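These notes concern the structure reproduced below.
The values are calculated or read from the model by the stated rules, or taken from the named source; none is laboratory data. Please read these numbers as outputs of a predicted model, since none were measured by experiment. Using ideal geometry, Cβ is built from the backbone for each residue, glycine included, and neighbour counts are taken over all protein chains shown. The area values use the complete protein model at the heavy-atom level, side chains included, leaving out ligands, DNA and RNA. Shrake-Rupley method; radii C 1.70, N 1.55, O 1.52, S 1.80 Å.
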Amino acid sequence: MEENKEQQVVSLPRIGDPAPEFKAVTTQGDINFPADYKGSWVILFSHPADFTPVCTSEFMTFATMEDQFAEANCKLVGLSVDGLYSHIAWLRTIKEKIEYKGMKDVEVTFPLIEDITMNVAKKYGMIQPNEDTTKAVRAVFFIDPKGIVRSMIYYPLSLGRNFDELYRALIAMKAADEFGVATPADWRPGDDVIIGPAGSCGTAKERMEDSDIDCKDWFFCTKKLDKDEVLSKVLKK
Ligand code: BEZ
């Protein structure tokens with residue numbers, strides 16, 4: 001039995017792939033994914049099970065941040081292998097009964113997919129048999145307005161996600177797209193960004209003369225990028 005588990009092949013979409021398509025029933029009606037989300041970023045994320053504590057803390061946190069993600073033109077879609085009536089009962093319980101870290105009366109208004117057949121979870125590699133054969137791991141897929149998978153993060157069942165990091169990653173990817181730059185470790189809007197090699201981004205001489213560019217060595221150059229300029233480009237877009 002254990003051996004069979006290990007041999008199961010998990011198919012994962014990869015960065016740069018079109019997001020696998022599916023139709024699903026959700027707490028907000030039927031969806032056709034990713035077609036219904038064309039023109040927006042969307043975060044598709046899975047949780048192991050309704051009526052569990054880590055997932056409850058995550059849903060309360062994500063729902064509280066939904067407007068912040070919406071401002072960055074990003075929609076949220078949840079999924080677990082529970083059924084629709086379980087989802088509805090759990091979300092109602094969260095709203096009516098759960099108070100956690102100052103959050104209360106939290107209404108989850110983004111769609112939560114029912115996936116009792118595990119069809120969607122399997123397409124997205126959310127069932128990872130050596131972690132659990134009957135529950136989805138905590139997967140996060142960032143899908144861009146053209147329906148392309150741009151990033152994915154997986155967490156085990158016991159580890160609640162950091163939603164500030166998900167927001168930071170979204171803004172960083174959007175900034176990289178807008179300004180043709182890369183973002184260094186722990187980057188946040190207002191921090192310096194990384195530019196490509198000389199030739200791709202000004203000649204070596206132009207760079208030397210540009211006081212906004214700081215080259216630590218030939219392979220590592222950063223430049224200033226104003227926080228307001230970043231935010232004005234990446235929000236509402
Ligand atoms: C939780 O959300 O608390 C949880 C769910 C499945 C396994 C472990 C923890």
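A few comments on the model shown:
- Largest-first ellipsoid semi-axes for the stretch 177-218, taking √(5λ) over the Cα gyration tensor eigenvalues, angstrom: 19, 12, 9
- Contact order relative to length of the chain, as percent, for alpha carbon pairs under 8 angstrom and 6 or more apart: 22 percent
- Among beta bridges that DSSP assigns inside the chain, antiparallel share in %, nearest 5: 70 percent
- Taking Lys and Arg as +1 and Asp and Glu as -1, the other residues whose beta-carbon sits under 13 Å from that of F220 total 0.
- Mean residue ellipticity (222 nm) of the chain, computed from DSSP H runs ≥ 4 via -39,500 (n - 2.57), nearest 500: -9000 deg cm²/dmol
- Within the accessible surface of the chain, defined with a 1.4 Å probe on protein heavy atoms only, the carbon and sulfur portion equals 51 percent.
- Among 140-147, 173-180, 185-192, 96-103, sorting by the average number of other beta carbon atoms lying within 10 angstrom of each residue, highest first, gives 140-147, 173-180, 185-192, 96-103.
- Ordering V42, W90, N119 by Cα displacement along the dipole of the chain toward the positive end leaves N119 in first place; charges were set at the Cβ atoms of Lys, Arg (+1) and Asp, Glu (-1).
- Ordering of 25-36, 206-217 by burial proxy (mean other Cβ atoms within 10 Å per residue, highest first): 25-36, 206-217
- Cα gyration tensor shape for the stretch 2-161, rounded if a/c is under 1.5, else prolate or oblate: oblate
- The GNM of the chain, with springs linking C-alpha atoms under 10 angstrom apart, assigns the highest mean-square fluctuation among L91, L159, L76 to L159.
- The Cα-based radius of gyration of the stretch 153-237, divided by its Kirkwood radius, gives an Rg/Rh of 1.07.
- Total charge dipole magnitude, the chain, about the Cα centre, Cβ charges on Lys, Arg, Asp, Glu only, Debye to nearest 20: 280 debye
- Overall, the anisotropy analysis places the stretch 153-196 in the prolate class: the square-rooted eigenvalues a ≥ b ≥ c of its C-alpha gyration tensor yield a/c not less than 1.5, with a/b exceeding b/c.
- Shape class of the stretch 61-111 from the Cα gyration tensor (axes a ≥ b ≥ c, square roots of the eigenvalues): oblate, since a/c reaches 1.5 or more and a/b does not exceed b/c.
- Cβ-Cβ FRET estimate between Y167 and T109, R0 fixed at 22 Å, reported to 0.05: 0.80
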